[in-house]
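In what follows, a single structure is set out as structure tokens and then discussed.
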Amino acid sequence: MGKKEKIERALKNIPGEGFLKVTGEGKVRLDSSKRAALIRKGNELFNRGEIELAKKIFLTTGYADGLIRIGDLYMKQNLPLEAFRMYYLAPYPKKVEEMMEKMVAIIRKWLTEDGK
């Protein structure tokens, strides 16, 4: 398989919404008791395996630990781009940097394979 085919194959795996969800002006403001209640609900959903609902709650509340756990779950499910997205949004700089280094290494390898 040539470099072009490998890149096209990799690009097909990019989520339709892109790598990152950008938040800003529309961010929800919650008082601490509502935020705590939502986080408890998100943890409950996560533990029951309702990951998408838990993810929405963790994103809404900005609950870094929950986003990191979802990122770890995505890594176990072999969904590294989604995992990267969760780590970035958490934020979890150590994990983001590790994953970026791996992505750069892969791209470098693709680029050097073309010279063979």
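General remarks:
- For region 61-82 versus region 34-53, the gap between their alpha-carbon centres in whole angstrom: 14 Å
- In this structure, the amide hydrogen of GLY62, modeled 1.01 Å from its nitrogen in the peptide plane, lies closer than 5 angstrom to no residue at least 5 positions away or on a different chain.
- Other residues lying with their Cβ under 10 Å from the Cβ of ALA83 contribute a combined charge of +1, Lys and Arg counting +1, Asp and Glu -1.
Bear in mind that the values in this text are calculations on the coordinates, not laboratory data. Please read these numbers as outputs of a predicted model, since none were measured by experiment. Glycine also receives a Cβ, built like all others from the backbone with ideal geometry; neighbour counts cover every protein chain displayed.
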